[in-house]
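Enquirer: Got a structure for you, written out below as structure tokens; questions coming shortly.
Every number in this text was worked out from the coordinates using simple rules, so none of it is lab data. On a predicted model such as this, the values are computed, not experimentally measured, just so you know. Neighbour counts are summed over all protein chains in view; Cβ atoms, including those assigned to glycine, are modelled from backbone coordinates with ideal geometry.
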């Protein structure tokens, strides 16, 4: 517990706020999934998993590299689950087919997370570079799937625009725009090796130099966008689910 | 149809709908029956005259006065028996001679028809009947009354008039009618009873075939009518179902939006088409399906309102089918 509070005090206040908001968003989305139709389960679980992926910052055992890597894998599973949910919703809008059940969604997610854990356990301890690679893969998948989800949301909205909950999808569109900016800016920094992780790696482990000083303006802008879009993402997710809950009540 | 003397009744008021003509004829033939059988229907009357089990004459007369005799009469009788659900059969046993006179009345040679009595010399006519040893029947009638005198070899066998049920020996009633203003006579003659025995309509007619054809034709007509009715009903049902489907779509569309119509189409398709709306189980499954899908699109309050409207519309429509 002491370690936990120590981590809290070491964290950037904005990062801490972001984790808290993701906690709220995760709780709201999980609650939403319990009392609602199955199609929402994947979407809700996905958003809840974002919270899991984001708590590495306050995880007292976060210094275990395998656990840090696991957070990023959970993040990747989160966006894939969300996308699966929106894809199902889109299929429903076109065919009105509702298949499967909630338990299967829960169990499948748990199984994927378990296999991911096993994957990490049976492999060598990831180096800081490997963890950074995992984070970059996660961001790349997030950016790509955000674009895909925006397109799915556009199509869903145009199919159901005169229904009660159509405006709720506009809210989700805003969520994905925020997430795109959040993850996209992080990915941008990673691709040009201006991210903090790379800076730490080269400072300790290699003799490589960085050109970050030459582009400090855009680096700072990207970092700000990442930070505020991250907070906006968590707030908008909580808001979107609360709004959707109100619309469906 | 004339009123005929009843003689000795063998059967009276037998329900024709339960009888088969070939069986009736076989029974009378096998019993060497002499007399006549009358089939009384609402619109027609048929008389079959038998001499010692031989069918010597058959006559069917409709209410409009149209008469059919012989083969046509048997066909018409078979058709009446098959097609009309009502009718009564009466069988009266008569003497051979009287039966001959009945035959004369029904199918004999017409010597006088609607002849006004005041224009003829009745005495001379009766003498001629006697001289010619005539077999037959003299019918004297006005618009209200009628009497018949049956002759064998020119001698009166007996007298029969409306209001009586059997042959009488007194000529009083006949004379009374003959004295009424506007009285007319018909005179029918026929062969002797022995000569009549040479005739048997049943020998030249395949009554079983006539009956079977009538039954088959009637069945065909009934089947055709049923089919037409079914098709008509089907068309009406289909029309009503289409209207109900449209109503359901408009209700769902009102709450769910334009996707509501597609949603209804899908649920109807899953439950075997719009006929499920008037089937208790089908309607329940359909409504549940719509509700389940609508939960992804509509608020709980609106779902409740929509379900109430849907249930009312379906129940109202169901009661009309």
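Enquirer: Can you give the Rg/Rh ratio of region B:31-159, where Rg is from the C-alpha atoms and Rh is the Kirkwood radius?
Expert: For region B:31-159, the value is 1.01.
Enquirer: Quick one: work out Rg over Rh on the C-alpha atoms of region B:88-133, Rh as Kirkwood radius.
Expert: 1.10
Enquirer: Taking the highest mean first, how do the peptides B:103-111, A:233-241 order by number of other beta carbon atoms within 10 angstrom per residue?
Expert: With the highest mean Cβ count within 10 Å placed first, the list reads A:233-241, B:103-111.
Enquirer: Give the order of B:160, B:321, A:30 when sorted by the count of other beta carbons within 10 angstrom, beginning with the fewest.
Expert: Ordered by Cβ neighbours within 10 Å, fewest first: B:321, A:30, B:160.
Enquirer: Counting other beta carbons within 10 Å of each Cβ, put A:188, A:106 in order, fewest first.
Expert: A:106, A:188
Enquirer: Contact order normalised by length for chain A, with contacts defined as Cα pairs under 8 Å and 6 or more residues apart; what percent is it?
Expert: 24 percent
Enquirer: Please give the contour-minus-distance gain from residue A:31 to residue A:224: 0.36 nm per residue of separation, less the Cα-Cα distance, rounded to one decimal in nm.
Expert: 66.4 nm
Enquirer: How large are Rg and Dmax for region B:206-259 when calculated on the C-alpha trace, in angstrom?
Expert: 22.4, 73
Enquirer: How shielded is A:87-96 by partner chains, expressed as the average number of their Cβ atoms within 10 Å of its Cβ atoms?
Expert: Per residue, the average neighbour count from other chains is 3.
Enquirer: Same structure again: For the protein assembly as shown, what size does the Cα cloud have along each of its three principal axes, sorted from largest down, in whole Å?
Expert: 159, 48, 40
Enquirer: When N counts the residues of chain B, how does its alpha-carbon radius of gyration compare numerically with 2.2 N^0.38 Å, as a ratio?
Expert: The value comes to 1.75.
Enquirer: Now, a different point. Would you give the gap between the C-alpha center of region B:1-79 and the C-alpha center of region A:127-192, rounded to a whole Å?
Expert: 97 Å
Enquirer: Then there is this: Compute the helix-to-body angle for A:166-191: its Cα long axis versus the longest principal axis of chain A, expressed 0 to 90° and rounded to tens.
Expert: Around 20 degrees separate the two axes.
Enquirer: How far, in nm, would the chain grow between residue B:86 and residue B:217 when pulled straight, counting 0.36 nm per residue and subtracting the alpha carbon separation?
Expert: 45.3 nm
Enquirer: Note the angle between two axes, namely the Cα long axis of helix B:70-83 and the longest principal axis of the Cα atoms of chain B, as a number of degrees from 0 to 90, rounded to the nearest 10.
Expert: Around 30 degrees separate the two axes.
Enquirer: Rounded to a whole number, what is D in µm²/s for region A:142-248 from Stokes-Einstein with the Kirkwood radius over alpha-carbon pairs (10 °C, 1.306 mPa s)?
Expert: D = 102 µm²/s.
Enquirer: Just grab the label-to-label distance for residue B:126 and residue A:66, each label 7 Å out from Cα along the Cβ direction, in nm (one decimal).
Expert: Distance between label points: 14.0 nm.
Enquirer: Run through all the Cα pairs of region A:174-217 and give the fraction in each 5 Å bin from 0, expressed as whole percent.
Expert: With a bin width of 5 Å, the distribution comes to 6, 20, 25, 20, 13, 9, 6, 2, 0.
Enquirer: Could you check the spin-label model distance between residue A:158 and residue B:115? Points 7 Å from the Cα along Cα→Cβ, value in nm.
Expert: Simple spin-label model gives 10.3 nm for this pair.
Enquirer: Which whole number gives the average, over all residues in B:175-185, of C-beta atoms from other chains lying within 10 Å of the residue C-beta?
Expert: Mean number of neighbouring Cβ atoms from other chains: 0.
Enquirer: For q = 0.09, 0.16 Å⁻¹, what log10 I(q)/I(0) does chain A give under the Debye formula with an equal point scatterer on each alpha carbon and no solvent?
Expert: Once normalised to I(0) and log-transformed, intensities are -0.41, -1.22.
Enquirer: What base-10 log of the normalised intensity I(q)/I(0) is obtained for region B:1-79 from the Debye formula, alpha carbons as equal point scatterers, at q = 0.25 Å⁻¹?
Expert: -1.47
Enquirer: I would also like to ask the following. Would you tell me the mean number of C-beta atoms belonging to other protein chains that fall within 10 Å of each C-beta in B:258-268, as a whole number?
Expert: 3
Enquirer: Now a separate question. Would you mind giving the average projected area, over all directions, of the Cα convex hull of region B:227-320 in nm² with one decimal?
Expert: So the Cα hull casts an average projection of 5.7 nm².
Enquirer: Separate question: Over chain A, with a Gaussian network built from C-alpha contacts below 10 Å, which listed residue (A:120, A:150, A:221) shows the highest mean-square fluctuation?
Expert: In this elastic network of chain A, the residue with the biggest mean-square fluctuation among A:120, A:150, A:221 is A:221.
Enquirer: Counting residues in region A:53-154 as N, plug N into 2.2 N^0.38 Å and put the Cα Rg over that result.
Expert: Taking the Cα Rg and dividing by 2.2 N^0.38 Å, one obtains 1.24.
Enquirer: Arrange the following residues from fewest to most other Cβ atoms within 10 Å of their Cβ: A:84, B:218.
Expert: So the ranking, lowest neighbour count to highest, is B:218, A:84.
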